[in-house]
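The values are calculated or read from the model by the stated rules, or taken from the named source; none is laboratory data. Computed from a prediction, not measured in an experiment: that's the story for all the values here. Using ideal geometry, Cβ is built from the backbone for each residue, glycine included, and neighbour counts are taken over all protein chains shown. Only protein heavy atoms, including side chains, enter the accessible area calculation; ligands, DNA and RNA are left aside. Shrake-Rupley method; radii C 1.70, N 1.55, O 1.52, S 1.80 Å.
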Amino acid sequence: MRLLLLACLRAQTGNATTAGRIQDHLEAVGHICSLKDAFGYENPSEIANLISAEKFEAALAIHLYKGGRLLQGSRIPFGIIFGGTDINEDIKHEEKHRVMGAVLEEARFAVAFTEKMKELAAAEWPDARSKIYIQTQGIMTTPSATFNWKRFLQNAGIPQDTENVRLFLLICGLRRVKDPLYLVDVFSEWHRREPHIHLVIIGPAVDPQFTSEVNEKINRTPGVHLLQEIPQDDLHAAVKRCFAVVNSSISEGMSAAILEAMDLDVPVLARNIPGNAAIIRHKDTGLLFTDPQEFVQLSKSLMNDPSLERKIVTKAKAYVKKHHSWECEREAYQNLVLKLQ
């Protein structure tokens, strides 16, 4: 089939990464899958013209509102993959809620990353429950063998003579829902007491105005550093060299950065929100914190207890292998797309 895949591709965000994986899965069995940026289209009529011009036979959209709204009234069958902010945030806005309900009614199927996400959607649109499938994200990490750690530290402005540097890495697109400034003040205080402790925030400038606020704050906050996004294989290599990966989001669908850290044998400290708690068992496969002070306490306990670190890393790796198989995700999407024939 000739398939249209709509996703938000403006920056290297989670939805864009997911879209690339799904495209690969579908093309592996002979489908022609054309990936288009949802931000490039204003309304359903533009997508209708695209479908007609490129003779698409079916479509998929990631994000029930941002991608799905463009497929309303489509002449071809389509499926939806929930993004995270659609079900966690956009659902609270009356007009977006109305549009998403209409899209879900038309869709042949929808995919939720977690049981919790499915239940949230089904509570709003009960008639859609039977068409919502749960498929966790598949994870494959590919750390670069030529990654230059010293150059990475230099680019971040971290002193090169610090052999004992303990680097925490926060990976996110710079937008408010990711709340990258949540831990900045406590981290800076900790750095003043222990200068070898550093936080690096890395990711694309998704929201320009908010990015300016982040830059301004970090420029006057010792121990916290901001880097633009880097290629995926270099990012995976950087994760392997850091002490822990941090997630401080206000809401998440399912964080690929967390799962990739688990796969790379790096401990994760994440804000205790439903999307994170769905994939992390506290003190078993990672650590969940409810406020910045608890984050510091848990980080110090992890640093001072090698046996806890080994336990978390081992169990997290096993969890990803069992529940987030890239091969299982591939098979699932290859079967789901048959519903569009």
(message) Give all pairs with beta carbons closer than 6 Å in which a residue from region 186-203 that is without any contact (Cβ under 8 Å) to a residue 60 or more places away in the chain meets a residue that is among the hydroxyl-bearing types (S, T, Y); count only pairs at least 6 apart in sequence or on separate chains.
(response) S188/T221; H196/T162
(request) Looking only at region 121-169, count how many residues are outside any helix (DSSP H, G or I) and either more than 30 Å from I80 (Cα to Cα) or not hydrophobic (A, V, I, L, M, F, W, C) (or both). (result) 26
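Conditions (1) over 20 Å from the mean Cα position of the chain (by Cα); (2) in a helix (DSSP H, G or I), marked per residue:
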{"position": "P204", "(1), (2)": "no, no"}
{"position": "Q209", "(1), (2)": "yes, yes"}
{"position": "K217", "(1), (2)": "yes, yes"}
{"position": "E229", "(1), (2)": "no, no"}
{"position": "L235", "(1), (2)": "no, yes"}
{"position": "A238", "(1), (2)": "no, yes"}
{"position": "G253", "(1), (2)": "no, no"}
{"position": "I280", "(1), (2)": "no, no"}
(message) Among (1) buried (at least 24 other Cβ atoms within 10 Å of the Cβ); (2) assigned to a loop (DSSP other than H, G, I, E, B); (3) at pLDDT 95 or above, there is one condition G83 misses while meeting the rest; what is its number?
(response) (3)
(message) As an exercise: evaluate K118 against (1) free of Cβ contacts under 8 Å to residues at least 40 places away in the same chain; (2) in contact with a helix residue (DSSP H, G or I) (Cβ under 6 Å, 6 or more places away or on another chain); (3) assigned to a helix (DSSP H, G or I); (4) surrounded by 14 or more Cβ atoms within 10 Å (Cβ to Cβ) and give the number of the one condition it does not meet.
(response) (2)
(message) On the basis of being farther than 30 Å from V320 by Cβ, hydrophobic (A, V, I, L, M, F, W, C), more than 24 Å from the chain's Cα centre (by Cα) and open to solvent by less than 10 Å² (accessible area, probe 1.4 Å), does A53 make the cut?
(response) no
(request) Those residues that are buried (at least 24 other Cβ atoms within 10 Å of the Cβ), of a type in the set (G, A, S) and outside any strand (DSSP E or B), I need them from region 60-80; list them, please. (result) G67, G68
(request) Evaluate region 185-201: report whether one residue or more is under 27 Å from C328 (Cβ atoms), out of contact with any Pro (no Cβ under 6 Å at 6 or more places or on another chain) and buried (at least 17 other Cβ atoms within 10 Å of the Cβ). (result) no
(message) Checking L174 against (1) more than 21 Å from E260 (Cα to Cα); (2) part of a loop (DSSP other than H, G, I, E, B): exactly one of these is not met. Which one?
(response) (1)
